[in-house]
Structure formats: C-alpha cells, structure tokens
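The values are calculated or read from the model by the stated rules, or taken from the named source; none is laboratory data. Keep in mind it's a predicted model, so treat the numbers as computed, not measured. Cβ placement follows ideal geometry from the backbone for every residue including glycine, while neighbour counts extend to all protein chains displayed. Remember, those area values only see protein heavy atoms, side chains included, never the ligands or the DNA or RNA. Shrake-Rupley method; radii C 1.70, N 1.55, O 1.52, S 1.80 Å.
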Amino acid sequence: MIESFIAALAPAAAALLAIRFCRDDLRRATWRWFVPVALLVFAPYWVTDRIPAPLDFLAAHVVPWMQPGVVVQNALQSDVVTQMLPWREIVTQFWRHREWPLINPYAGAGTALWANPQAAVLHPLTFLGLPFSTFAWATFVVVARAVIAMTGMFLFLREERRSEQAAVIGAIAYAFCGMHIAFLLFPAVNVTMMLPWLMTFIARRHTLGCAIATALLFLGGHPESVFLAGLLAIPYAIAVHRAGMMRYAFAAVSGALLAAPVVVPFLLAAGGSERAAHPLSFTPFEPSQLLSFVFPARFAYAPFSAPGANFNEFAIQYAGFATFALALFAIVRKGRELRFWIVMLLVLFAAAYLPVALMARARYAVAFVVSTLAAYGYDLKRDRSANLIAAGCLGVVLIAAVAFWPRAVEMHVEAFVVASAAIAIVSTAVLAWSPRLAAIAVAADLAVLLLLSIPPHSRPEFYPETGAIRFLRAQPGEFRVSGVGGSLFPNVSTMFGIRDIRVHDPMASEQYLRKLESGGLDRRGYFEVFHGFPSPRLANELGVRYFIAPPGVRSPLPAVCRGDDAVVFLNPGARDLPPSAIPKPPGWTIGWVLGFVGLLSLWLLRNNAALASR
C-alpha cells in the first residue's frame, strides 16, 4: 500500500517542484488542475493498492493461474501482462545489477531486448521508475505520463494564444484521450505524451527543445507513433516557420542521432523480425466508426460494424463528448481562421484508413487536433449554434445507444452504453448552462471511460507463485521449459526467471519462430502455441527439460510435479545448456558513435541559440 502511494505521489511532487520557477499560468494550472486531476483519475487504483493492468487475463486464460468461471474484463489489454510488465521486470533487473539489458534470456532462446524498442531501455521514465517494483511502476508511470502530457499540451495551447481555462480543457482532453486509455501501460504513450512538447518547441522556434523532444520520441519505444507524430509536426512547422525548416530538420536529425544507441540496433534487427515478416492487418473504413468521436461505448467491440474493429484501434481519437462538441463549434464559427487544423483533422483521419496497418493509430494525432480545436471553441463567444451542436451530438449518442442496445445486452456491456449516454447528457447540460465546468466534465467523462475500460486489480493477482512455478524455480542448473496449450504464456515466465522456448514479441527472430513451427508451434493465432508437446527433436535440441501442462494432462513422460494448478513433465533427453556470453546487438558500436555525434549536435544547437539571443 505504501509503495503505491509513493509511486503515485512521486511524479506529482516532482511536477510541483519542477514548476516552481516556471511561468505563472503553468504553475496555476499544475497546482489547480493537472496534479489533482491525475491523482483523482487514478485514485481508484493507487488508493486501493491496485493497478490498471488486466491481471484477470492470467486467471481466465493462463495455466497455472487459470480458475474456473473467470471471465477477463478486457482481453484487448492482454499484451500488458504478456509483454509490457515482463519486459519492464527484466530491464529493471539488468539495470539494478549494473548490466546492459541486451537480451531477455527467459523468452525464446534469448530474444532481443536492447533492440526491442518497446522495452524502452534508455527512456528517462525507465530509470526514474527503477526504485519501484514492477507492480508499483504501473502506477508511477501512468501518473507521470498524464502530468507530462497535460503540461505539454497546456503550453502548446498557450502558444496558440488560448485562454488559461481553454488550455486546461485541451490539456485534460488530450492527456486522457482514447489513445492514452487504450494503451495506458504501453510504451507508445511515452511517444504520444511528447507530441505536445514537440509542437510547443516548434511554435517557439526553439530548435534545441525540438531536438531533445525528438530524441525522447525515439527513445519512447514505438517507432510507428514517432512517424505518426511527424505527420502533424512537419506540416505545423511549415505553417508556422517555413523559412526555418532547415533548422528544424537539423534539430530532428540531432534528436534522432541522440537516440541512435537504440535506434540503430532496432533498424538492423527489424528486417529479420516477425514484425517485418507478418505485418498487422488493417480494417477498412465503415461509416459507423465515426460514432467513436462521441460514443466510444466503453471498450465494447460494437457499435463499430467492421469485423474485428475494437476500441484499441477505432476509438482512440475520442477525447471527451464535450471536447468534440466544442471542436465542432469552433469549426462552424471560425472555419476559415482554423483551416490548417481542419485540413489536418481530415487528412489525419483519412490517413488512419490507408491500407497500411501502422496508420491506424494516426487517430491519436486526430485526438490532438480535436483537443486543440476544442480550446478554440471554448474561447469563442457562445451563441445558439453552440447549444444546437451539442444537442445534435447528444442525439447521435442516444440514437446509437438505442440501436446498439440489443447487441449490448447480448455482449453484457449494458453498463458501458448507459455510461456513454449519461456522460453525453451531463456534458450537454454543462455546455449549455455552465461552460465554466467544462474541464470537470471532460475529466469526469474520461475518468469513467478509463475505470470502466480497465478495472483495478490487486497485488494477490499479480503473477502469484503457484506450486508448479515453485517447483521449476527450485530446480538446479540451466534449462528451458515449454508450455502445452495455454500454459505459462510466452514472456510471463520472465517474472520468475524461468527460461521458455516460446516468445510473444514482434521483434522475435522470424528464423527462430520458423524453427519452432517445424516442431509443432501453431502460428495462426495471435498467441502462438504448442497445442501438444513440441517434437522431441526440437525439445532436446533447445534444452527443454520440463513441459508444463494443464491439470489432468497425461503423457508417457514422467510427471515430476502434479497439482491443482498444473502438471510438470520431465524430458530426460534434453541437452544441458552450456554457459554462453551475451553478444552485443548488431550496430552497437555505430549506434553509440552516432549518439556521441548527437550530443555534439545538441551543443552546436545550444551555442547557436545563445548567439542568436545576443
């Protein structure tokens, strides 16, 4: 409990200390809004010693934690427990032992860690979170990211000459938009939280700041999101300072060079990875997907009619009902003056439906534009059209709720639909009769979306050590294991220091995965599994000494641990694993050389800025 309190309060306290010497408006906004909102929105987690991670996925789907009758409340978040938290655990272990986090020895036959951007091995929040356990780190990082995103968005909107209150509304809307909820504990948010800061430095023509922001974007852990940030930042730079584009380009290159120690190994490893061999599919546009601007339905798959559509990809532009209504008001009233933002809104939303999977999340930049337009809309003098627009948006939500209701009952998500409708009604009333409460309405809207979408889960649910796991951890020597079916999903063994031949990682070697496939790995599903025991040849070659299987499974192999949680079989033919040195990833040396060049570039930018100010 104490650790959760410290994890939540530490980034809040750091923010308050950091703004002591900042401008008055930022100090007021941080004290009155950003820190209180971040702590209140996440209070259901840290106050109760819980975290926003789908730990029920373990109890619903993964042996040895599987329990009868458990239904995961948000399976769309499964990567958090099968990738993000295990990667955080192993990176932390390496840094605490003053070792380079080069590979994860507990997944596959040793999978890339340094070259895996989602491990975010050099990101500042990785180092600042080292004092916390992986459980408490989840609280630390969500509060820190929210505060960083809010302060950056506030500064950007003030550069756009928006009032303090309008800037607060836009800041809250973007910091808690659908992207930042759907990917709350994903490294992509390390990138998206920095977009407002990059835009702020562009607006100020601060090239050193642009370079640092660019470096943090690349270090964040999601190259696709960096590319999508550029789709907005580059046109904005052209719009505000076309003559200075060479300076911006130099700043961007300097930032990329600064991140080269991890970027170069990633680029060299990406070509042979599963990410390159099997790119994600995309879902085509359907008119019903426009509903997600005002009616996210709280993480339900419908009412987005395209097969496979879900909140994680199709509602991440949601930034609050009131936010969208204010944005529409700004477009109607000041369309000519806001043509840059209107064009970017249309272009980015259209780009999200290009037949390239990585473009889907361009919607987070759409959320940024909607939040910006909402700040403009709030500062406009309200008239009858404002109320008509809000009422029209409300009508869309209510009609969609009624039309979707039978499907909601079938999917058992009635509460989500009711919450969406109720929020729309309250937000419409606030905009009509008390616009000064708009910031509170937006914060409440997105807080409800967060809490319903990602319910809190407690420490006892956090990878509990069962009898089968205790048995495996107690065995001497170096060996590997493999799960049968849904047993001990890939990567989760990292939490216990158990080596698993399977891996669930887009940066996994395609050549290695094909080797597993030749031994029986089924790669047709999202989670690649051995439905039965791997072939003896493969198991013996890779040193698989133990197989872990669901309770009740029988095999000619000797069962050395049989319990209610799982059964463990011994493979007598497994070869011993010889100790081996961990090689540096390809591009290691050139990456650090380029990183040093990036530091030199920053020094040049700083000196040029100092000379220009004289």
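Computed values, structure above
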quantity	calculated
Gain in span if fully extended, ARG339 to LEU388, counting 0.36 nm per residue against the direct Cα distance	15.4 nm
Near-label residues of the stretch 587-609 by backbone N, under 20 Å of a point 7 Å along Cα→Cβ of ARG98	none
Exposure ranking of ARG361, ARG514, ARG205 by accessible area [1.4 Å probe, largest first]	ARG514, ARG205, ARG361
Cα-based helix-to-principal-axis angle, 2-18 vs the chain, degrees rounded to 10	40 degrees
Distance histogram in 5 Å bins (all Cα pairs of the stretch 518-606, percent per bin)	3, 11, 13, 13, 12, 10, 7, 6, 6, 6, 6, 4, 2, 1
Contour excess over end-to-end distance, with Cα ends at VAL418 and VAL70 and 0.36 nm allotted per residue	122.9 nm
Straight-distance crosslink candidates among lysines, where the alpha carbon sits under 28 Å from LYS515 and sequence neighbours closer than 8 are dropped	LYS584
Distance in nm between pseudo-label sites at LEU380 and ILE234 (7 Å out along the Cβ direction from Cα)	3.1 nm
For the chain, share of DSSP beta bridges that run antiparallel, in % to the nearest 5	65 percent
CD proxy at 222 nm, helix term only [per DSSP H run n ≥ 4: -39500 (n - 2.57); per residue of the chain; nearest 500]	-17000 deg cm²/dmol
In Å², nearest 10: area of MET179 left accessible to a 1.4 Å probe	0 Å²
Tilt relative to the chain, helix 321-334 - C-alpha long axis, 0 to 90 degrees, to 10	40 degrees
Whole-angstrom gap from the stretch 29-85 to the stretch 92-116, using each part's C-alpha centre	25 Å
Helix 588-613 axis, angle to the chain major axis (alpha carbon atoms, nearest 10°)	20 degrees
Cross-link reach list, lysines versus LYS334, counting only Cα pairs under 27 Å and skipping chain neighbours closer than eight places	LYS381
Shape of the stretch 195-234, Cα gyration tensor, a/c cut at 1.5	oblate
Whether the stretch 446-565 is rounded, prolate or oblate, judged on the alpha carbon gyration tensor where a/c under 1.5 counts as rounded	oblate
